[in-house]
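Quick notes on the structure that follows.
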Amino acid sequence: MADCVVNFLVENLLQLLSDNVELIKGVDDDFKLLLEEVKRLKAFLDDAAKFHSDSSQWEQLVQDIQKMVFKAEDVIDKFLVQAKLHRNKNKVGRFFDVSHLTTVRALAAEIKGIHEKVKKLREDNKDAFQPKPVLELPKKGVEPTQGPSLEDDEVVGFDEEANKVITRLFEGPAESLDIVPVVGMPGLGKTTLARKIYNDSKLSYEFFSIIWVYVGQSYKIKDIFLNILKFFTKRIEDHLNDDVDTLANLISDYMSKGGRCLIVLDDVWEATVIDHVKKVFPENKKGHRIMMTTRDGYLATYANPDPHNLKFLNPKESFELLVKRVFGKGSCPDDLVKLGEKIAGSCGGVPLAVVVIAGALRGRPNKSDWQRVQKNVAEHLYKNSQESCLKFVQMSYDRLPQEVQTCFLYCGVFPRGFDIPSWKLIRMWIAEGLIKPQQTYTLEEIAELHLNDLVKRNLLILMQKRSDGQIKACRLHDMLHEFCRKEATNKWLFHEICKTPDNVIPSIQDQDTRRRLCIEPSILYDFLSTRPFAEHVRSFYCFSSKQKQIELSPNDIKLIHKAFPLIRVLDVESLKFLFSKDFNQLFHLRYIAISGDFKALPPTFGTFWNLQTLVLNTSTSEPTIDVKAEIWNMLQLRHLHTNIPAKLPSPTTTAGKASCLQTLSMVSPESCKKDVLAKACNLKKLSIRGQMAAFLETRGGISNLEELKCLEHLKLLNDALYMNKLLHLPPAFFRLVRTVKKLTLANTKFPWSEADRLGQLESLEVLKLKENAFTGDTWKPEVGGFSQLQVLWIERAELETWEASNLCFPILRHLVLVSCDKLNAVPLELADIPNLHEMKLDNTSKAVKSAKDILERKTSKNIKFKFSMFPPETESKATQ
């Protein structure tokens, strides 16, 4: 497969050349020649993506292409800065000044030099890469016929899991075929669990035939069928020449003569396997079963919408497994127990990681050895894992599409154990150029598809869901984090700045391997004290999981501005930032995430013509932040996030191209003028916070919302200071925001009698009524409204009586009630809503009994239903 990182670099260079036609006057012809050569490289890489090679020549060729692309990118970016400065100085004139003409000529010479090198590189390597098609063989070596598993006497923490799966195998549909998929991330012990179940004596009482088949990536359907057939006949050689259909019929005949059959399919990667194996079962109403293991969530839900998600080991189970693997039947010495518990805990509940670390500790009873391992568990996972951890992750990685491979590796820029907000990750992927544009989807939609793909493949851990079921936050397991760091470093995707063993900050001057830098806050001061300067650096990240900001002197902060003049992505929310003259010259910035004592967004931000995402967190005591920059001329700006309301300027002209802003979170009500929203007509997400009284008047700001034809998410947050004023929901509200899918209200104190107006929103899927959104003690919604509502969240309401039928919320899926301590009951009729599968009550004690009645009615109909309560001691969950 062609290198994914190099391919995306070439694509970004093509985009860079085509997006800046207006600024490259004077060197047009030279650019065109370079563009043609880059296109040839791209075509070469696309063709090479169909093949694989482990030759050193190919690796060298990839690196040579990468260096050429970097060189071209540097030259072009430097010139674009000069051209921008020149244009700003001489907006009226049509001719280059002498100094700029010299710059243009120098650039032309450099481009010609690069062009010749690229051309020579291509011509010199016509025969360097001799690809061979990927046919039957896996990418690296021959795959074993049996997947690895832990020894039976070392299985820990799987008793409960095994009982759950066995119960499903026994109690599933009595007559029809049922599939029980076991799904989880690499190394979680899926095969171990399956083997434990396969060997359980209880199965022999239920199943006449129990057959184990290892599938793997390089399977053949015929081989799978032959392995099944071995159970029924010893004369397997008589059927080696039979085709697949003949074998399937033969197996079906054998099964029809016997009793109930269980086939265990281990390590399944393709839906084709499931489809073919299902065909061998006769329709004789005996309740046959398939149990399968897979790491692919999509595949698991294809086989059964309700797969068994294998849990992680808890700390106690991890330590128990570690002790068994290190000491056998012996016990852990007292002086090593605490260290052992820390080491086991660092494995993140993954059995394979525990086993690999145990290998590093076995035969080493010295406390100093254990301390060395404990300091860097992730590093030891790969020092001792050429046949385990690395191989397991590599198998999943190799199956990803090229673009998704790069997105996955990029997740390693975040610190180990960091909960990654999905919106941040998506914005950064886009700013880095990792997402290819497509005609039918926005970049954000494509990126979200990639994110869901990585979670479904169990390469990212889902940490938190949004109310609509989408991913809110995710995390890399430490084992996968280390893989991403190492693979990304090898591919020059990013570099982590760490002190050397002798406490020295390493150089960042390598122009090829140091393009993106991530650094821990603890060594940021030492790094800046070296006064770094590197034009080749395009991204700089300093993340912290702690809330406390890093305080550096203004002079130290300004060193960041000077260090990376061609930077594109800057995420330093962990430190207290400030602006400077040098910062204003960073024209290539696409993504900025900063924190500081900002009272305003200065006019100079309007010069960031490439800026796509701006995240601004201010600690000012002011109620709003004043945006003085002409953001309506920033035609690339897609997302503006502020932690307090922003006061937006009016456009200087209503003519020209509309803004491509998709997110404004959050703005003041007075900013929502007609001319502003007309310019921001592509908005999808809008959060408004402040004094809402004037805004909610029909002729006030709310009528301007009809300019937003693409609006999907809307928040109306009234400041608590203004809660005493009586507010009303405008009668025409549903007409103004008819495209809204998610609506959040807070402190608006509308009368409950007006809530039915929200039911007229024909696209509304999620309704969040936060603290004091409505006031009054009774809500009786009318039948026929809320036709598309799937999630209803009511929080801190004075509600006492709620009367509703299943026809009021016909497709409601999820109900959340938080701190509704006066509510007497949840309407029992909601139990008759077919889609209602989840209900959560927090500090809503009076309604507990009615909620349990709904749970009982659901479970009596064999409907899967999740019910949770807080305080936790009263928590109850049911699944049937």
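Would the stretch 627-635 turn up any residue that is of a type outside the set (Asp, Glu), open to solvent by 40 Å² or more (accessible area, probe 1.4 Å), closer than 27 Å to residue 539 by Cβ and within 23 Å of the chain's Cα centre (by Cα)? The answer is no; no qualifying residue exists.
Within the stretch 273-287, the set of residues being out of contact with any Pro (no Cβ under 8 Å at 6 or more places or on another chain), open to solvent by less than 60 Å² (accessible area, probe 1.4 Å) and either assigned to a strand (DSSP E or B) or in contact (Cβ under 8 Å) with a residue 40 or more places away in the chain (or both) comprises 273, 274, 276, 277, 280, 281.
Results for (1) surrounded by fewer than 20 Cβ atoms within 10 Å (Cβ to Cβ); (2) in contact (Cβ under 8 Å) with a residue 12 or more places away in the chain; (3) among the aliphatic types (A, V, I, L, M), shown as yes or no for each residue.
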| residue | (1), (2), (3) |
| --- | --- |
| 570 | no, yes, yes |
| 577 | no, yes, no |
| 580 | yes, yes, no |
| 590 | no, yes, no |
| 596 | yes, yes, no |
| 605 | no, yes, no |
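Can you tell me how many residues in the stretch 562-578 are touching a His at 6+ places or on another chain (Cβ under 9 Å) and of a type in the set (D, E, K, R)? The qualifying residues number 1.
Could you tell me whether residue 768 is modelled with pLDDT of 95 or more and open to solvent by less than 50 Å² (accessible area, probe 1.4 Å)? When the stated conditions are applied, residue 768 passes them.
Take residue 797 and tell me if it is of a type in the set (A, V, I, L, M, F, W, C), in a loop (DSSP other than H, G, I, E, B) and not assigned by the TED database to the domain that holds residue 672. Yes.
Just to be sure I understand, how many residues within the stretch 288-308 are in contact with a Pro (Cβ under 8 Å, 6 or more places away or on another chain), surrounded by fewer than 22 Cβ atoms within 10 Å (Cβ to Cβ) and not in a helix (DSSP H, G or I)? Qualifying residue count, the stretch 288-308: 3. Please go through (1) touching a Lys or Arg at 6+ places or on another chain (Cβ under 7 Å); (2) open to solvent by 10 Å² or more (accessible area, probe 1.4 Å) for residue 444 and return the number of the only condition it doesn't satisfy. Single failed check for residue 444: (1). The strands (runs of 3 or more DSSP E) found wholly in the stretch 451-505 and carrying at least 1 residues that are over 17 Å from the mean Cα position of the chain (by Cα) occupy 495-497. Are any of the residues in the stretch 706-726 touching a residue at least 40 places away in the same chain (Cβ under 8 Å), surrounded by 16 or more Cβ atoms within 10 Å (Cβ to Cβ) and either small (Gly, Ala, Ser) or touching a Phe, Trp or Tyr at 6+ places or on another chain (Cβ under 8 Å) (or both)? No. Scanning the stretch 231-260 for residues that are basic (Lys, Arg), surrounded by fewer than 14 Cβ atoms within 10 Å (Cβ to Cβ) and either under 22 Å from residue 176 (Cα atoms) or modelled with pLDDT of 90 or more (or both) yields a count of 1. Condition test on residue 515, is it of a type in the set (Lys, Arg), open to solvent by 10 Å² or more (accessible area, probe 1.4 Å) and out of contact with any Pro (no Cβ under 7 Å at 6 or more places or on another chain)? Considered against the rule, which asks whether it is of a type in the set (Lys, Arg), open to solvent by 10 Å² or more (accessible area, probe 1.4 Å) and out of contact with any Pro (no Cβ under 7 Å at 6 or more places or on another chain), residue 515 comes out as no.
Is it the case, given these coordinates, that residue 174 is part of a loop (DSSP other than H, G, I, E, B) and modelled with pLDDT of 50 or more? Taking the combined requirement at face value, the residue satisfies it.
Taking the numbered list (1) buried (at least 17 other Cβ atoms within 10 Å of the Cβ); (2) in a loop (DSSP other than H, G, I, E, B); (3) in the same structural domain as residue 846 (by the TED database) in turn, residue 729 passes all entries but (3).
Taking only the stretch 398-441 into account, find how many residues are without any contact (Cβ under 8 Å) to a residue 24 or more places away in the chain, of a type outside the set (Phe, Trp, Tyr) and over 21 Å from residue 589 (Cβ atoms). So the count comes out to 4. Scan the stretch 177-208 for residues that are open to solvent by less than 60 Å² (accessible area, probe 1.4 Å), out of contact with any Phe, Trp or Tyr (no Cβ under 6 Å at 6 or more places or on another chain) and of a type in the set (Gly, Ala, Ser) and jot them down. Residues satisfying the conditions are 184, 189, 194.
Considering (1) open to solvent by less than 10 Å² (accessible area, probe 1.4 Å); (2) closer than 30 Å to residue 693 by Cα; (3) outside any strand (DSSP E or B), the lone condition that residue 815 does not fulfil carries the number (3).
Note on the stretch 732-747: residues that are over 19 Å from residue 816 (Cα atoms), surrounded by fewer than 22 Cβ atoms within 10 Å (Cβ to Cβ) and within 32 Å of the chain's Cα centre (by Cα) amount to 2. Restricting the stretch 748-764 to residues that are open to solvent by 20 Å² or more (accessible area, probe 1.4 Å) and not charged (D, E, K, R) leaves a set whose member that is nearest to residue 720 (Cα to Cα) is 751.
The values are calculated or read from the model by the stated rules, or taken from the named source; none is laboratory data. Keep in mind the model is a prediction, meaning the values are calculated, not measured. Using ideal geometry, Cβ is built from the backbone for each residue, glycine included, and neighbour counts are taken over all protein chains shown. For the accessible areas, the whole protein counts, side chains as well, though only heavy atoms, and no ligand, DNA or RNA atoms are used. Shrake-Rupley method; radii C 1.70, N 1.55, O 1.52, S 1.80 Å.
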